[in-house]
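Notes to accompany the following structure.
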């Protein structure tokens, strides 16, 4: 007989195209337009493909609960206001963060194509998943980018003990000669993203003891206790300062919530009011595009070919491991835990959408 823990940990493969179509249908059935549902579904599945499972399709149940509880407006369309020729602001109107941010980056790219740089501030938004999809949106237009967001309280400021700052990612990117190996940095200012704790909880797994403290301030390997306590900033005061920086540029600057007032995406009681900050930069401002990409390729080779430390088999460029994972999962499929599939199918059953097509079971 299979134990409940083994059942939770059991993984099944799902084709990315099937998963994206499935997620889009659930979104449409919950009031999202076909266009906006396509954006959200694509962004979530991009995260699944890159191995950022914490920010992928498993977020659908929490998003749908926010819609049902009127904490997120599935029908909202973002409003764009031009501030200067190279600066714009988007009001997300409490709709999907993916939709507001997609519109914001599209406008930032347009401005950068004309003026060399485009900056967009976004307010009244929601969680937008993995930041790297926005970097990739810029890369598809041959643009460099900066992507900031703030988020709900999860870690203390350095020297404090209460949840105040969010585990707010900083992301950036630049194109290269090899389009399969661009520069993509997407990192949280904490030792680990809080989504990894939620993932461990769903799958019945333990977490490393240096990720978080429980409600009593003690180290813990129990994800449930970790969620009662605080995440730990990476590098001590450095991680704390980066989290504050995200709040300055994304929250204070935009007019969105800040200083610990962003609502947790798993809390369906009220709007989140997340803020984002996006910049697109034209890489050929000071040289030709070919020269820029050639220099990026040289940097890549210098990094990955550098002398390895003892015990290291391979050196990777930022974002390269995720690109390799994406290539593999496009071919083999995306692994989802049985518990995650059940949660997704429960959402499908609620709105009479066909259940998710799954393939063979794989070892966890």
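Bear in mind that the values in this text are calculations on the coordinates, not laboratory data. Keep in mind that what you see is a predicted model, and the values were worked out from it rather than measured. Reconstructed Cβ throughout: ideal geometry from the backbone, glycine too, with neighbour counts over all protein chains shown.
Details
- All Cα pairs of the range 56-213, percent lying beyond 28 Å: 29
- Distance between the C-alpha centres of the range 162-215 and the range 244-264: 18 Å, rounded to the whole angstrom.
- Annotation for residue 238 and residue 269: the two label points, set 7 Å from Cα along the Cα-Cβ direction, are 3.7 nm apart.
- Most tightly packed first, judged by the mean number of other beta-carbon atoms within 10 Å of their residues, the peptides 318-328, 167-177 read 167-177, 318-328.
- Taking only the C-alpha atoms of the range 191-232, Rg followed by Dmax gives 8.6, 24 Å.
- Counted residue by residue at 0.36 nm each, then reduced by the alpha carbon distance between them, the extension gain from residue 69 to residue 304 reaches 79.8 nm.
- Largest to smallest principal axis extent of the C-alpha atoms in the range 10-61, angstrom: 32, 19, 16
- On the principal axes of its alpha-carbon atoms, the chain has extents of 65, 52, 47 Å, going from largest to smallest.
- Segment residue 349-residue 327, extension gain: residue separation times 0.36 nm, minus the distance between their alpha carbons: 4.8 nm
- Peptide ranges 132-144, 90-102 listed from the most packed, as the mean C-beta count within 10 angstrom indicates: 90-102, 132-144
- Extension gain, residue 312-residue 158: 0.36 nm per intervening residue step, less the Cα-Cα distance, totals 52.2 nm.
- Share of Cα-Cα pairs in the range 180-288 lying beyond 16 Å, as whole percent: 70
- Peptide ranges 335-343, 182-190, 275-283, 78-86 listed from the most packed, as the mean C-beta count within 10 angstrom indicates: 275-283, 182-190, 335-343, 78-86
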